[in-house]
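Worksheet for the structure shown next.
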Amino acid sequence: MGLNYLLDSNVIIDYFGEKLPESTVEILGTNEIFTATVSQIEVLGFKMDENDELKFLDFFNKSTNFELDQETINQADFKEIDQLVVINLFQD
């Protein structure tokens, strides 16, 4: 089993903009993808045409979503999340 990847909204936007390194694109294509509700809000908050919006919506529908409401945040021990890699623009 591969690692699980939680994607930052900037990575999602850059993925569709074809701005990510090929090594990152390969990782995203072969592992389970997780997103957070906040990432969906950030991505879908950008002005885009209907075609792009449909692409993003399809992507989010296929990914596993973490709904980060206050109750979930209060109950979660984020230090104990196994095999979850966060990809963001500031990571090497």
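Just so you know, all these numbers are worked out from the coordinates, no wet-lab data involved. Bear in mind that the values here come from a model prediction, so they are computed numbers and not experimental data. All Cβ positions, even for glycine, are placed from backbone atoms using ideal geometry, and neighbour counts span all protein chains on display.
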By average C-beta atoms within 10 angstrom, highest first, the peptides 21-28, 44-51, 33-40: 33-40, 21-28, 44-51
Inter-label distance, nm, simple model (7 Å from Cα along the C-beta direction), Glu71/Glu32: 2.3 nm
Charge tally in the Cβ shell below 15 Å around Leu28, where Lys, Arg are +1 and Asp, Glu are -1, Leu28 excluded: -4
Spacing of the two label points (7 Å from each Cα toward its C-beta) at Glu53 and Leu3, in nm: 3.5 nm
Ordering of 55-67, 7-19 by burial proxy (mean other Cβ atoms within 10 Å per residue, highest first): 7-19, 55-67
